[in-house]
Amino acid sequence: MKTIILRVKKCGVMTTVQSEKSENGMLNKRTLVLQELGGKYENSYVVTTLGNLATIEFAEGELVIANLRFQTREYNGQAFMDVIANEICKIKD
């Protein structure tokens, strides 16, 4: 896990998906594009927020502190990396 300060580049729409892991069988999900601070070409991450975190709307350019979990999975012989936000908080001005 990694906790870093990031800038919101894009905030996707919240969707509800079916999940066997959730109590009621449904789970909120939102995708964000977050970029490290420093410049135009810093590392960017496509981050998934789940559950209550997915209900939070973020504005483009907003600064956040995020605790990110990086995991890989294999599907049809190909490896994929998922970046999940365990925690994410807006930084007040």
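The values are calculated or read from the model by the stated rules, or taken from the named source; none is laboratory data. Note that the structure is predicted; figures quoted are calculated from it, not measured. So basically every Cβ, Gly included, is an ideal-geometry build from the backbone, and we count neighbours across all protein chains shown.
Anything in region 25-56 that is loosely packed, with under 10 Cβ neighbours inside 10 Å and within 14 Å of the chain's Cα centre (by Cα)? List them, or say none. Selection gives N52 alone.
The number of residues in region 62-79 being surrounded by 10 or more Cβ atoms within 10 Å (Cβ to Cβ) and not basic (K, R) comes to 8. Quickly run through region 71-93 and pick out the residues that are over 11 Å from the mean Cα position of the chain (by Cα), of a type outside the set (S, T, Y) and outside any loop (DSSP other than H, G, I, E, B). Of everything in region 71-93, those that are over 11 Å from the mean Cα position of the chain (by Cα), of a type outside the set (S, T, Y) and outside any loop (DSSP other than H, G, I, E, B) turn out to be Q71, R73, E74, Q78, A79, F80, M81, C89, K90.
Taken together, F70, F80 contain a single residue that is touching a residue at least 40 places away in the same chain (Cβ under 8 Å) and of a type in the set (F, W, Y), which is F70. Checked against (1) at negative phi; (2) free of Cβ contacts under 8 Å to residues at least 12 places away in the same chain, G25 meets all criteria but (1).
Can we say I91 is in contact (Cβ under 8 Å) with a residue 60 or more places away in the chain, β-branched (V, I, T) and under 19 Å from R7 (Cα atoms)? Yes: the conditions hold for I91. Within the set L34, L53, L68, the sole residue that is in contact with an Asp or Glu (Cβ under 8 Å, 6 or more places away or on another chain) and either at pLDDT 95 or above or outside any loop (DSSP other than H, G, I, E, B) (or both) turns out to be L53. For region 8-24, the set of residues classified as surrounded by 10 or more Cβ atoms within 10 Å (Cβ to Cβ) and either under 12 Å from the mean Cα position of the chain (by Cα) or not in a strand (DSSP E or B) (or both) consists of V8, K9, K10, C11, G12, M14, S19, S22, listed by residue number.
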